[in-house]
Amino acid sequence: MKSHHCSTNVRRRRHVATRQGATLIDVAIGSMLLSLLLIPSVRWIGHSESINQRLEDRDAMLFEAESFIEILKVKMSEPSEFASAFDRPIDDLTKVVSPSGKVFLAQYQLEPDKTLPTAKLLSIRVTVWRDANSNARIDATEVSESLQTQMASP
């Protein structure tokens, strides 16, 4: 009876030893598979954050450009201001700080639109961009947004 008990212990030990080896291989294979899945996911998360930030910047720029156009339209609704801008076109640059604290440059241009000779039309163009290299010019690599409208004489 004792010999039977001894062979059971040997079987258990072999079984335990085999199971530990398989578990180590399972962990190694699992780690490799997990890394194959996680590395691209982490890259996509970083890429997604970059795209999201760019989208937020564009949204802020469009908001600032639209606000600037509305301010200019209100100002140009005064007949003397409209006449002055019609006679002497304006091309100016200013710094704009968004509500979120981001700093952009805004270029606004007001000039007569002579496509309809019988009407006094003023073209208003606003371009807003993040001046990454601080040269006060829009470069091809800098994100920008532009809006344009026309306004008739008040």
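Ranking A28, G46, A132 by Cα position along the charge dipole of the stretch 22-154, where only Lys, Arg, Asp and Glu carry charges on their C-beta atoms, puts A132 farthest toward the positive end.
Pairs of Lys residues in the stretch 24-152 that lie 8 or more places apart, or on two chains, and have C-alpha atoms under 22 angstrom apart add up to 6. Working from Cα pairs under 8 Å separated by at least six residues, relative contact order for the stretch 30-108 is 19 percent. Measuring nothing but protein heavy atoms, the accessible surface of the chain at 1.4 Å probe radius is 59 percent carbon and sulfur. Checking the a/c ratio against 1.5 first, then a/b against b/c, what shape does the Cα gyration tensor give for the stretch 74-122? Prolate, since a/c reaches 1.5 and a/b exceeds b/c.
Our summary gives the chain a relative contact order of 19 percent, counting only alpha carbon pairs under 8 angstrom and 6 or more residues apart. A cut-off under 9 angstrom between Cβ atoms defines the neighbours of A132, and their net charge, with Lys, Arg +1 and Asp, Glu -1, is -2. Each part reduced to its alpha carbon centroid, the stretch 88-154 and the stretch 39-63 end up 25 Å apart.
When peptides 138-145, 31-38 are ranked by their average number of other Cβ atoms within 10 Å per residue, the highest-first order is 138-145, 31-38. A Förster radius of 30 Å, combined with the Cβ-Cβ distance separating N52 from Q150, puts the computed FRET efficiency at roughly 0.30. Per residue, the chain reaches -20000 deg cm²/dmol at 222 nm when only DSSP H runs of four or more residues are counted, each adding -39500 (n - 2.57).
The values are calculated or read from the model by the stated rules, or taken from the named source; none is laboratory data. Remember, it's a predicted structure, so these values are computed and weren't measured experimentally. Note: ideal-geometry Cβ built from the backbone for every residue, glycine included; neighbour counts use all protein chains shown. Remember, those area values only see protein heavy atoms, side chains included, never the ligands or the DNA or RNA. Shrake-Rupley method; radii C 1.70, N 1.55, O 1.52, S 1.80 Å.
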